[in-house]
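*Asks:* First the structure, then my questions, so here it is.
The values are calculated or read from the model by the stated rules, or taken from the named source; none is laboratory data. Source: prediction; values computed, not measured. In this analysis, Cβ positions are derived from the backbone assuming ideal geometry, glycine residues included, and neighbour counts consider all displayed protein chains. Only protein heavy atoms, including side chains, enter the accessible area calculation; ligands, DNA and RNA are left aside. Shrake-Rupley method; radii C 1.70, N 1.55, O 1.52, S 1.80 Å.
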Amino acid sequence: ERQEDWRLAHGLPENPLLVVVSNSLDLDPAGPVFTEAPVRPFVFTSASSPPARRAALAEVAHVMVHGDTAVDLAGALEALRRMGFGQLLCEGGPHLLGALTAADLVDEMCLTVSPILVGPGPDRITAGTPTPDPRALVLRHALVAGNALMLRYVRA
């Protein structure tokens with residue numbers, strides 16, 4: 001209730017909108033992310049996604065097709081902006097971040113450094129199509145929470 005009051009006081013909708021980006025649509029329409037959402041979620045997919053999965057998800061979400069073989073992220077973002085959503089918080093894996101970076105759609109990045117050693121693995125936080133031109137970011141905030149360091153970077 002406190003968060004909803006804060007959002008309303010700052011000119012935001014009472015509840016944030018969940019937007020899912022998926023080419024495969026390997027999502028459970030009966031999952032709580034859909035059935036318990038206070039606001040009907042949006043699912044952005046491509047025309048190559050399985051039609052039966054699109055139909056099943058359309059029962060619990062607004063399913064929007066942008067792109068032929070992959071989600072057209074710029075088109076999806078523009079559709080959200082036309083609906084009045086000017087600010088988006090994106091959480092996803094390296095492939096989504098890589099695709100957003102390649103499309104030059106990342107305005108800021110929050111990065112948490114946590115002191116946990118897990119061994120070898122991927123060496124970048126983005127994956128997918130290489131970005132020809134690196135994009136400079138500027139550190140705006142640094143917070144310490146326990147042993148974690150939380151960093152917020154914005155476009156230069």
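*Asks:* Where residues in the stretch 78-101 are among the small types (Gly, Ala, Ser) and within 17 Å of HIS66 (Cα to Cα), which of them is surrounded by the fewest Cβ atoms within 10 Å (Cβ to Cβ)?
*Replies:* ALA79
*Asks:* I'd like to check something: does the stretch 102-113 contain any residue that is outside any helix (DSSP H, G or I) and over 20 Å from the mean Cα position of the chain (by Cα)?
*Replies:* Applying the first criterion (outside any helix (DSSP H, G or I)) to the stretch 102-113 yields 103-113.
Now narrow it down to the ones that are over 20 Å from the mean Cα position of the chain (by Cα): none.
Looking for residues that are outside any helix (DSSP H, G or I) and over 20 Å from the mean Cα position of the chain (by Cα), one finds none in the stretch 102-113, hence no.
*Asks:* For the list (1) open to solvent by less than 60 Å² (accessible area, probe 1.4 Å); (2) free of Cβ contacts under 8 Å to residues at least 60 places away in the same chain, I need the number of the one condition that LEU139 fails.
*Replies:* (1)
*Asks:* Kindly evaluate PRO51 against the criterion of being more than 17 Å from the chain's Cα centre (by Cα), within 30 Å of GLU4 (Cβ to Cβ) and not β-branched (Val, Ile, Thr).
*Replies:* no
*Asks:* Within the stretch 51-85, count every residue that is part of a loop (DSSP other than H, G, I, E, B), in contact with a His (Cβ under 9 Å, 6 or more places away or on another chain) and not charged (D, E, K, R).
*Replies:* 0
*Asks:* If you go through the stretch 35-56 one residue at a time, do you hit one that is at positive phi and touching a helix residue (DSSP H, G or I) at 6+ places or on another chain (Cβ under 7 Å)? Lay out the reasoning, then the answer.
*Replies:* First pass over the stretch 35-56, keeping only residues at positive phi: none.
No, there is no match, as no residue in the stretch 35-56 is at positive phi and touching a helix residue (DSSP H, G or I) at 6+ places or on another chain (Cβ under 7 Å).
*Asks:* So in the stretch 6-24, with the set limited to residues that are under 16 Å from GLY93 (Cβ atoms) and among the aliphatic types (A, V, I, L, M), which one is most open to solvent (accessible area, probe 1.4 Å)?
*Replies:* Per the criteria, the residue is VAL21.
*Asks:* Oh, and also: Of everything in the stretch 102-136, what is surrounded by 11 or more Cβ atoms within 10 Å (Cβ to Cβ), out of contact with any His (no Cβ under 7 Å at 6 or more places or on another chain) and at positive phi? Give them in sequence order.
*Replies:* The one that is surrounded by 11 or more Cβ atoms within 10 Å (Cβ to Cβ), out of contact with any His (no Cβ under 7 Å at 6 or more places or on another chain) and at positive phi: ASP104.
*Asks:* Yes or no: GLY75 out of contact with any strand residue (DSSP E or B) (no Cβ under 6 Å at 6 or more places or on another chain), over 30 Å from GLY146 (Cβ atoms) and surrounded by fewer than 12 Cβ atoms within 10 Å (Cβ to Cβ)?
*Replies:* Working: out of contact with any strand residue (DSSP E or B) (no Cβ under 6 Å at 6 or more places or on another chain): yes; over 30 Å from GLY146 (Cβ atoms): yes; surrounded by fewer than 12 Cβ atoms within 10 Å (Cβ to Cβ): no.
Spelling it out, it is not the case that GLY75 is out of contact with any strand residue (DSSP E or B) (no Cβ under 6 Å at 6 or more places or on another chain), over 30 Å from GLY146 (Cβ atoms) and surrounded by fewer than 12 Cβ atoms within 10 Å (Cβ to Cβ).
*Asks:* Then there is this: If you go through the stretch 37-45 one residue at a time, do you hit one that is part of a loop (DSSP other than H, G, I, E, B), surrounded by fewer than 18 Cβ atoms within 10 Å (Cβ to Cβ) and aliphatic (A, V, I, L, M)?
*Replies:* Checked against the condition, which is being part of a loop (DSSP other than H, G, I, E, B), surrounded by fewer than 18 Cβ atoms within 10 Å (Cβ to Cβ) and aliphatic (A, V, I, L, M), the stretch 37-45 yields at least one hit.
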